[in-house]
Ligand code: ABU
């Protein structure tokens, strides 16, 4: 791909303004992570039983990269500037003074690490030891943006210690033995693997709607992380939300704002909390349930769900990229008045996600707006 010499402007306030510049991840060297308190992988059917780890198969990596390169090309053909991260050797062991971790993860879902709000890009804390150093793959880009855009605010949330205090001991061992009802009871109690010892969040738990940031508390984002975001984004209203899902991770396959007045909601992870319904109702937003996903089970070696069907990239309020196998989801967007751009990306699922996960906004043409002038006290 020819190097793009265009000068940079960093700014993006929401998920739908016209997209002009974006980062697209790469599959190179992605690992099935070594076990750690935050993550346990157990995929004996695919050669990775509990306790084993290592690089995803080369043929899977090649297919994923082919689809990511094609996605980047589709965006460039539409005049959108695309930047890519710089992979590291993710098989290497990493350590801080507090812990050692036998492998890293990869550089596919930039959305998990980078949160763009206005002219700021915030590096998220992350909550897995294997992903603690992942910000490094984006540093060449962020350094360049910093040099080229005098208004770019480059921020990093406090790096968490991720000691034993950060995690509930043996959380996944007991969780996996629970019934579905017991798992959902844990969700209701916001009782997941993270303690509240220190702020932790992934950027992909945030849905941006101008002055309002909808933040999901999840297995990777704790209440302290949301509190940190509230204190950091003082000119925004940060709403902490949960959905009916047993092990939530990232809001972008559960609740997706599409354009002013319209949002897409997961048809299974419901009902939404009353405060959330009320906020959207009071401000004349319509919430529609997503279509039926094309796949009935997770992709091979993927920790992401079939709800990647609604993990879309909005190019502007009338145009949306949808994974190419998701026929019903594409039809729904067509009926909602969108031009649909089909993008094959299912082979990327094992590398951390779908079209929204695979990207991070650098620039969308638009301004900060208040789409929710009528607020709900205490929410
Ligand atoms: N990172 C998005 C994946 C969320 C999900 O699998 O539902």
ask   = Looking at (1) within 13 Å of the ligand (Cβ to nearest atom); (2) under 18 Å from the mean Cα position of the chain (by Cα), which is the one condition that is false for residue 295?
value = (2)
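Quick grid of which residues meet (1) closer than 30 Å to residue 362 by Cα; (2) touching a helix residue (DSSP H, G or I) at 6+ places or on another chain (Cβ under 7 Å):
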position	(1), (2)
41	no, no
51	no, no
67	yes, yes
72	yes, no
81	yes, no
ask   = Which numbered condition trips up residue 238, out of (1) closer than 18 Å to residue 13 by Cα; (2) in contact with a helix residue (DSSP H, G or I) (Cβ under 7 Å, 6 or more places away or on another chain); (3) surrounded by 20 or more Cβ atoms within 10 Å (Cβ to Cβ)?
value = (3)
request  = With a cut-off of at least 1 residues that are buried (at least 19 other Cβ atoms within 10 Å of the Cβ) and within 16 Å of the chain's Cα centre (by Cα), name the strands (runs of 3 or more DSSP E) lying wholly within segment 55-139.
outcome  = 114-117, 120-123
key: Residue in segment 264-282 that is farther than 18 Å from residue 216 by Cα and part of a loop (DSSP other than H, G, I, E, B) present   = no
inquiry  = So, in segment 260-283, exactly how many residues are within 21 Å of the chain's Cα centre (by Cα) and either at positive phi or within 11 Å of the ligand (Cβ to nearest atom) (or both)?
reply    = 3
message = Take residue 256 and tell me if it is at pLDDT 95 or above, within 15 Å of the ligand (Cβ to nearest atom) and not in a loop (DSSP other than H, G, I, E, B).
response = yes
message = Test of understanding: among 354, 337, 366, which residue is within 16 Å of the ligand (Cβ to nearest atom) and assigned to a loop (DSSP other than H, G, I, E, B)?
response = 354
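The values are calculated or read from the model by the stated rules, or taken from the named source; none is laboratory data. Keep in mind the model is a prediction, meaning the values are calculated, not measured. All Cβ positions, even for glycine, are placed from backbone atoms using ideal geometry, and neighbour counts span all protein chains on display.
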